[in-house]
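Report on the following structure.
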Amino acid sequence: MNATIKKWGNSLALRIPSAIAKDLEIQDGSKVKIELEGKTLKIELEEKFTIDDFMKGLTKENRHEIIDYGIVGKEKDIWLGDTYRDKEI
C-alpha cells in the first residue's frame with residue numbers, strides 16, 4: 001500500500017489508512033515507537049503496561065504493609081486479609 005507524506009506544522013506526517021489502524025487496534029492518541037533502520041522507517045505500538053506486568057515486579061522486599069485508614073466518607077468497612085476490623089472470620 002502506498003501513502004503520501006504531508007506537512008503538519010513544522011513536521012511531516014504519515015496518514016495511516018483506517019483499515020490498517022483497525023487491524024492494529026490503534027486510534028487517535030495511540031502511542032508508538034519510531035525507529036530508523038537504514039532507510040526503513042519502523043513504527044511499533046508501545047507496549048501497554050498491565051496489572052500483570054506490575055505484579056511481576058512485586059516482591060516481599062518492595063511491598064509495604066496494609067495501611068488501614070479507617071472509614072472515610074460513606075463507604076462500608078473493608079476486608080483486610082483474614083480479619084474483618086479485628087474480628088477473626
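Only residues that are in contact (Cβ under 8 Å) with a residue 12 or more places away in the chain and charged (D, E, K, R) were counted across segment 26-47, and they come to 4.
Picking from Ile26, Ile43, which residue would you name as being under 30 Å from Ile16 (Cα atoms), modelled with pLDDT of 85 or more, within 23 Å of the chain's Cα centre (by Cα) and not in a loop (DSSP other than H, G, I, E, B)? Talk me through it step by step, then tell me what you get.
Working: Ile26 fails: not in a loop (DSSP other than H, G, I, E, B).
Going through Ile26, Ile43 in turn, the sole match is Ile43.
In segment 30-57, how many residues are of a type in the set (Gly, Ala, Ser) and closer than 23 Å to Met1 by Cβ? Working first, answer last.
Initially, segment 30-57 is screened for residues of a type in the set (Gly, Ala, Ser), giving 30, 38, 57.
Now restrict to residues that are closer than 23 Å to Met1 by Cβ: 30, 38.
So the count comes out to 2.
Could you check segment 9-23 and list, in sequence order, the residues that are loosely packed, with under 10 Cβ neighbours inside 10 Å and in a strand (DSSP E or B)? Those that are loosely packed, with under 10 Cβ neighbours inside 10 Å and in a strand (DSSP E or B): Ser11, Leu12.
The values are calculated or read from the model by the stated rules, or taken from the named source; none is laboratory data. Not measured: the values here are computed from a predicted model. A quick note on method: Cβ atoms are made from the backbone with ideal geometry, for glycine too, and the neighbour counts reach across all protein chains shown.
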